[in-house]
1. Among the candidates K216, K263, single out the residue that is of a type in the set (D, E, K, R), over 15 Å from V185 (Cβ atoms) and in contact with a helix residue (DSSP H, G or I) (Cβ under 9 Å, 6 or more places away or on another chain).
2. What pairs come out if I take residues in segment 108-137 that are in the same structural domain as Q37 (by TED's automatic domain parsing) and surrounded by fewer than 24 Cβ atoms within 10 Å (Cβ to Cβ) and pair them with residues that are part of a loop (DSSP other than H, G, I, E, B) and β-branched (V, I, T) whose C-beta lies under 7 Å away, six or more apart or interchain?
3. Scan T274, T282 and give me the residue that is among the hydroxyl-bearing types (S, T, Y) and surrounded by fewer than 15 Cβ atoms within 10 Å (Cβ to Cβ).
4. In segment 227-260, which residues are surrounded by fewer than 24 Cβ atoms within 10 Å (Cβ to Cβ) and either part of a helix (DSSP H, G or I) or among the acidic types (D, E) (or both)?
5. Counting just the residues of segment 32-52 that are β-branched (V, I, T) and over 15 Å from the mean Cα position of the chain (by Cα), which one comes out farthest from ligand 1 (Cβ to nearest atom)?
6. Given the residues K13, K6, which is the only one that is surrounded by 15 or more Cβ atoms within 10 Å (Cβ to Cβ) and among the basic types (K, R)?
7. Within segment 94-107, how many residues are in a loop (DSSP other than H, G, I, E, B) and either surrounded by 16 or more Cβ atoms within 10 Å (Cβ to Cβ) or not assigned by TED's automatic domain parsing to the domain that holds D55 (or both)?
8. So which pairs qualify, if the first residue must be in segment 332-355 and closer than 17 Å to C162 by Cα, the second must be basic (K, R), the Cβ gap must be under 7 Å, and the two must be at least 6 apart or on different chains?
Amino acid sequence: MPQQVKAVIARAKGAPVEVTTIVVPDPGPGEAVVRIQACGVCHTDLHYREGGINDEFPFLLGHEAAGIVESVGEGVTEVEPGDFVVLNWRAVCGQCRSCRRGRPQYCFDTHNAKQKMTLLDGTELSPALGIGAFAEKTLVAAGQCTKVDPAAEPAVAGLLGCGVMAGLGAAINTGNVGRGDSVAVIGCGGVGGAAVLGSRLAGAAKIIAVDIDDRKLETARRLGATHTVNSRTTDPVEAIRELTGGNGADVVVEAVGRPETYKQAFYARDLAGTVVLVGVPTPEMTLELPLLDVFGRGGALKSSWYGDCLPSRDFPMLIDLYLQGRLDLRAFVTETIDLDAVEQAFERMHHGDVLRSVVIL
Ligand code: APR
Ligand code: ZN
Ligand code: ZN
């Protein structure tokens, strides 16, 4: 029987989000219905609301979530009812050219649920990132459910579903940060903060946090930054070079997504160093760099989608490290809120007051 549940939708461009009743179908082949326990508020949800992603309103928002599998459709073997799962937006297909070459973390044909969730009048919803988890229950592809140790609190576990994983992975997967490396992170919100934490986990010897907001620099210190630079008052490129013997950092993570900060990252890395762009630019942004500098400085200029994570490999491992006290994921949960407070949480996020607000259901 299709179920009616409460959920947060964005009905039209720029209009405040609203709590309404939606219809969740029974899971079909390869699908699962998940009872959501917690879901973080992310910039991408706000971008959907503002029409910055596409025009397929109404959107069912929310995508950084954890919950319990309630039911599964035909042929589902990877999860069963009762499993505690983190939802992911990289359910790999196993068959595309990237999967076949053993690089499923770049899968070009990821799965979502085939059936649609709807409003009561039958209007089809577009779930954010194929998830839609500001809802008591949601329908996803079974591969979007990654089982993790249920000892972890849902509010913490769910954050691995998007921004925090992106930042951790930018450092440990894409940037390949290793023991003894020097790392600089430009922009220390939820994503950049996670890159700081990931760098510490990977054994970086020097971790330089750069932001224009002193509150974020304080958090970055708690997460493992050894040095902080307020780039409103100090030139970050000079500061990073000074802190690295005049050379620049081995790895620079750009977690803002702007041409100015990308250029800072480009010039703040050592020769043969790596830049990782994990901040998401907007379509009108362009970058101009002397091509000779691109050549002459060597190294690697990479971008990181979702931290190049493979959920089945990374989520359980990161939750285990969290439960061992080796990865302070809890630091990202600034506040927990009710389903009807998402609009106000957008406001606080916009003003930089929070790392993450997490809706508890
Ligand atoms: N220089 C340095 N830091 C900056 C600058 C700048 N010019 N402009 C903004 N920042 C800082 C902000 O002060 C904030 O701490 O960047 C941080 C951005 O953090 P959040 O707004 O919390 O965003 P977050 O969730 O971390 O995402 C960062 O990654 O996934 C993408 O879409 C996401 O592009 C966004 C980026
Ligand atoms: Zn694939
Ligand atoms: Zn997100």
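The values are calculated or read from the model by the stated rules, or taken from the named source; none is laboratory data. Model, not experiment: these values are computed from the prediction. We place every Cβ from the backbone using ideal geometry, glycine too, and count neighbours over all the protein chains shown.
1. Values: K216 fails: over 15 Å from V185 (Cβ atoms).
The match here is K263.
2. Within 7 Å, the pairs are T110/V92.
3. Numbers: T274 fails: surrounded by fewer than 15 Cβ atoms within 10 Å (Cβ to Cβ).
Every option except T282 fails the conditions.
4. If the condition is that a residue be surrounded by fewer than 24 Cβ atoms within 10 Å (Cβ to Cβ) and either part of a helix (DSSP H, G or I) or among the acidic types (D, E) (or both), then D235, P236, V237, E238, A239, R241, E242, L243, P259, E260 are the ones that fit.
5. Let us first name the residues in segment 32-52 that are β-branched (V, I, T), namely 33-34, 36, 41, 44.
Narrowing further to those that are over 15 Å from the mean Cα position of the chain (by Cα): 33-34, 36.
Numbers: V33: 28, V34: 23, I36: 20 Å.
If we take residues in segment 32-52 being β-branched (V, I, T) and over 15 Å from the mean Cα position of the chain (by Cα), then V33 is farthest from ligand 1 (Cβ to nearest atom).
6. Values: K13 fails: surrounded by 15 or more Cβ atoms within 10 Å (Cβ to Cβ).
Every option except K6 fails the conditions.
7. First, pick out the residues of segment 94-107 that are in a loop (DSSP other than H, G, I, E, B): 94-96, 101-103, 107.
Add one more test, that the residue is either surrounded by 16 or more Cβ atoms within 10 Å (Cβ to Cβ) or not assigned by TED's automatic domain parsing to the domain that holds D55 (or both), and what stays is 96, 107.
Counting residues in segment 94-107 that are in a loop (DSSP other than H, G, I, E, B) and either surrounded by 16 or more Cβ atoms within 10 Å (Cβ to Cβ) or not assigned by TED's automatic domain parsing to the domain that holds D55 (or both) gives 2.
8. Between residues of segment 332-355 that are closer than 17 Å to C162 by Cα and residues that are basic (K, R), the close pairs are F332/R356; V333/R356; T334/R356; V354/R348.
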